[in-house]
Structures are given as structure tokens and as C-alpha cells.
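*Asks:* Supplied in C-alpha cells, the structure appears directly below.
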Amino acid sequence: MSSPKYIIVGAGLAGCLLAWRLEQAGQPVTLIGSTELPNASEVAGGVINPVTGRWMIKTWNFDVLIPHAAETYRELEHAFGVKLYHPIPLIRYCQHSIDAKRMGKRMRNPRYANVLGEAIPVGTGPDAFEDTHGSFHIKQAAYADLPRLLQTLRQHFTTNGTFRDETFIHEDLQKNDARWSYHNLHADHVIFSEGVGMQTNPWFNWLPLTPAKGETLVLECDTLNLPRAIYHHRKWLLPYGDHIYRLGATFDSDDSTSEPTEAGARELLESAQSFIAPEHTLKVKQHYAGLRPTTKDFRPFIGSHPTEPTLHIFNGLGSKGASLAPELVRQFLAYLLEGAPLDPEIDIARYSESTANPTHPDATH
Ligand SMILES: Cc1cc2nc3c(=O)[nH]c(=O)nc-3n(C[C@H](O)[C@H](O)[C@H](O)COP(=O)(O)OP(=O)(O)OC[C@H]3O[C@@H](n4cnc5c(N)ncnc54)[C@H](O)[C@@H]3O)c2cc1C
């Protein structure tokens, strides 16, 4: 019998970071997560991009999120002696004249001064790229090596005896005298960070998750020599060095499977071929796919169950987990450990309790 104060379900980016911060706060934790189940963090590029989307909008809360993300990844690097955080220039190409106009407008907006750099005149970027409408620098971009982060933290928890690599069976979680029993564990709180796995979670499956499939390719191209930067030209191209590139990502809300598809690879390659000069042959080395835990209002799902206050959720990181997770973990732990209020924008209380309709077979859970 073991008595952690917290059980965390799901060992992706969210669950691993939460477990690490709780451990640092001196809280006994057991992390349960299956490495066999699909996992978005494992296939993510980990790109941190302050200006995204067709409308070139500054990421929600960017000025708060990014300093904390950088600090957290650096702290992990220092604690475990691994390289996780890679600041890198980002160059975004305009796709048409409207893009170029929009970019000019953003550049005149003082709110964008810390994220938009100089415009790059047409024809002065790398020869390999199609460049009819010019491009511009985006500042404060980076990528976090999420697979390595997971591997590092899971290994750490395995060594400490606090990680169980297994599938969590929701029906086996029972409430006894205000505590939660799960097999031989007894805990005060359970936190669910299951990514899209929350769709089968009987306590939280009422929240409006809208999974979005994403696919990425690892490419080799011996002839492409580019200055170190992420290039955003409809898709992003991230050079890893040694002629290896990561190309991503597709976005498909209709396919709920997490397997790579021929259509996904075709979309990515056709997109790359439309902006990379034809003499560069792209060889596919790997093909990854996963489901982003995206939400209807593009804000995370954080907080406690409306009728079971010791069951919590930390989910809904969507397509921006690398930027969001560190700061949101900080806010969630301030809520959990110090009783600080949650930002109403992220709190699941924004969904009315009347929509909370747990479907657990035993309604007392
Ligand atoms: C192709 C692709 C590219 C992406 N690129 C980027 C990017 O460049 N930048 C960025 O910031 N974000 C990116 N994302 C999004 C990013 O991956 C997510 O925001 C983030 O990883 C979500 O982390 P999570 O821990 O919430 O979910 P996950 O990583 O999915 O982790 C959830 C974990 O819970 C486990 N689990 C679920 N149910 C159970 C159960 N019953 N028992 C045990 N374990 C369970 C799963 O196996 C999984 O390991 C991308 C996503 C995809 C799919």
C-alpha cells in the first residue's frame, strides 16, 4: 500500500511537468501514464512561435508565458544535464500581398514591438525559397525538445519509484472516506492530464474537447544549406543540422486516429515542394502523427470537478503546449497548494455546472 498525496494520470508534457513541480514542492506524487498509448508531446516539434496563424496574431498571454517557459526549460536543463531549450531565429514568408500589408500593419503596432523584427526585402532571403512577397523576422522564437524532456523526467520518476508505466482504468478509482483508492494507492487528490485520452474519462468527458490531428515529417536533403532558423512558409521547416529537417504540421479536425497517413505526408511534401526550389530532393526519413488536445474556445481546461473537488484536470494545451505548459503549471499549483484563484479564462468553471454530466457507472464517484 502506498499513500501519495497526488496521483497524476498521463505522462505527457503536462503530467510530467506537473509531477516534477509537485515533487519540488515536497508533495508525494505517483505518476501513472502509459507509454504505449498515443501521445502528442512525443511527436510535437515543440516550436514556440509568438506570432501565428493566418492573421499573424500574437499568442495569447505571450509576454507572460514565454519568460516562464524559457526559465522552466533552462531549470530542467540544469537539473538533469540535458539540452532541451533552443532559442532560434524565425522567418515567416508572406504568401500574398495581403500578408505583406498585414505584416506592415502589425509592425506599426507597439504591442508587437517585442516579437516582430525587421522585414526582409523580396529576393534577399535564401535562394532555395520561393520569395515573391518578402518575409520578416519573428523574435523570441524557440523550440523545446519535448521527446527528450519526457524521456528525462520519466526516467527520473522511474528511478524514484514514482512512475507507473501502465494504462489507468477509470472504473478502478474508488472514493473511500474522502480519499481516492486506485489499486494499492491511496491519495488525497487525482489530477488528470490525459491529453485526448480525457474523452474516455468519466468525470471530465463533458468538457468540449475538439482533438486536431497533426502530422510531421523528418526529411533529409543533402543540397539544402540554410542559415540556422525556423522557416515558416505555410508550413514550418526546422533544420536540426547534418542535412536533417523537421517539416510540420498538418491540422485536421476530422480524423480522430493518431496514425500517420499518406494524405498527410502528401500535403506536407507538396507544401514544401511549392516553396523549396525543385533541384532540392527531399527524402522522408520519418513520419509522425498525433492528436492535439484542442479546445472549443482555444483555452486550456484547468480546475476541479464541479462536485468532486479533489478530482482535477490539467489539459487542453492544444497546439501550443511548449509555450503554455510551464506557466500554466505554475498557476495551477498556486491554486492547488496556496488556494490562489484560477484565471477565469482557463478555469473549467467557465463551463456551466449544468453541463457537467459525469457518465461514470457509479454516480457516487
Ligand atoms: C503533429 C503535432 C505537432 C505539434 N507541434 C507542436 C509545436 O511545434 N509546438 C507546440 O507547442 N505544440 C505542438 N503540438 C501540440 C503539443 O503536442 C501539445 O500541446 C502537448 O504535447 C500536449 O501535452 P499533454 O501532456 O497535454 O498531452 P499528451 O502529450 O498527449 O499526453 C497525454 C498522455 O496521457 C496518456 N494517457 C491518456 N489516457 C491514459 C490512461 N487512461 N492511462 C494512462 N495514460 C494515459 C497518453 O498516453 C499520453 O502519454 C503538436 C502536436 C502534434 C500532434
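The values are calculated or read from the model by the stated rules, or taken from the named source; none is laboratory data. Predicted, not measured: the structure shown is a model, and the values here were computed from it. Glycine also receives a Cβ, built like all others from the backbone with ideal geometry; neighbour counts cover every protein chain displayed.
*Asks:* Check whether at least one residue in the range 76-94 is near the ligand (Cβ under 10 Å from one of its atoms), under 28 Å from residue 121 (Cβ atoms) and buried (at least 21 other Cβ atoms within 10 Å of the Cβ), and report yes or no. Before you say what the answer is, go through the steps one by one.
*Replies:* Taking the range 76-94 as the starting set, the residues that turn out to be near the ligand (Cβ under 10 Å from one of its atoms) are none.
No, the range 76-94 contains no residue that is near the ligand (Cβ under 10 Å from one of its atoms), under 28 Å from residue 121 (Cβ atoms) and buried (at least 21 other Cβ atoms within 10 Å of the Cβ).
*Asks:* How many residues, within the range 263-300, are at negative phi, under 16 Å from the mean Cα position of the chain (by Cα) and of a type in the set (A, V, I, L, M, F, W, C)?
*Replies:* Looking only at that region, the number is 2.
*Asks:* Return the pairs, sorted by first residue and then second, in which the second residue is part of a loop (DSSP other than H, G, I, E, B) and among the hydrophobic types (A, V, I, L, M, F, W, C), the first residue lies in the range 301-314 and is at negative phi, the beta carbons are less than 6 Å apart, and the residues are 6+ apart or on different chains.
*Replies:* Listed pairs, sorted by first residue: 301/207; 302/346; 305/203; 306/356; 311/203; 313/204.
*Asks:* Would you list the strands (runs of 3 or more DSSP E) that sit entirely within the range 261-323 and hold 1 or more residues that are within 16 Å of the ligand (Cβ to nearest atom) and closer than 17 Å to residue 251 by Cα?
*Replies:* Details: elements: 283-292, 301-304, 311-315.
Because the criterion is at least 1 residues that are within 16 Å of the ligand (Cβ to nearest atom) and closer than 17 Å to residue 251 by Cα, the strands (runs of 3 or more DSSP E) in the range 261-323 that meet it are 283-292.
*Asks:* Give the number of residues within the range 111-120 that are assigned to a strand (DSSP E or B) and β-branched (Val, Ile, Thr). Write out each step before concluding.
*Replies:* The initial filter retains those residues of the range 111-120 that are assigned to a strand (DSSP E or B), namely 116-120.
Subset that is β-branched (Val, Ile, Thr): 120.
Of the residues in the range 111-120, 1 are assigned to a strand (DSSP E or B) and β-branched (Val, Ile, Thr).
*Asks:* Same structure, new question: Looking for whichever is modelled with pLDDT of 95 or more and more than 19 Å from the chain's Cα centre (by Cα) here; the options are 19, 25, 14. Which one fits?
*Replies:* Details: 19 fails: more than 19 Å from the chain's Cα centre (by Cα); 14 fails: more than 19 Å from the chain's Cα centre (by Cα).
Checking each option against the conditions leaves just 25.
*Asks:* Only residues that are part of a loop (DSSP other than H, G, I, E, B), basic (Lys, Arg) and either under 15 Å from residue 139 (Cα atoms) or in contact with a Gly (Cβ under 8 Å, 6 or more places away or on another chain) (or both): list them for the range 223-242, please.
*Replies:* Filtering the range 223-242 for residues part of a loop (DSSP other than H, G, I, E, B) gives 223-229, 234, 242.
Then drop every residue that is not basic (Lys, Arg), which leaves 228, 234.
Listed by number, the list holds a single entry, 228.
*Asks:* Please go through the range 324-334 and give me each residue that is within 14 Å of the ligand (Cβ to nearest atom) and of a type in the set (Gly, Ala, Ser), ordered by number. Explain how you work it out, then say what you get.
*Replies:* First pass over the range 324-334, keeping only residues within 14 Å of the ligand (Cβ to nearest atom): 324-329, 332.
Within the range 324-334, just 325 meets the criteria.
Conditions tested, residue by residue: (1) surrounded by fewer than 13 Cβ atoms within 10 Å (Cβ to Cβ); (2) in contact (Cβ under 8 Å) with a residue 60 or more places away in the chain; (3) of a type in the set (S, T, N, Q).
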| site | (1), (2), (3) |
| --- | --- |
| 111 | yes, no, no |
| 118 | yes, no, no |
| 129 | no, yes, no |
| 137 | no, no, no |
| 140 | no, yes, yes |
| 149 | no, yes, no |
| 152 | no, yes, yes |
| 156 | no, yes, no |
| 162 | no, yes, yes |
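*Asks:* Can I ask one more? Scanning the range 38-60 for residues that are buried (at least 17 other Cβ atoms within 10 Å of the Cβ) and more than 7 Å from the ligand (Cβ to nearest atom), which turns out farthest from residue 136 (Cα to Cα)?
*Replies:* From the range 38-60, those buried (at least 17 other Cβ atoms within 10 Å of the Cβ) are 38-41, 43-52, 56, 58-59; that's our starting set.
With the extra rule that they be more than 7 Å from the ligand (Cβ to nearest atom), the set shrinks to 49-52, 56, 58-59.
On the way: 49: 13, 50: 13, 51: 11, 52: 13, 56: 12, 58: 15, 59: 17 Å.
Top of the filtered list is 59.
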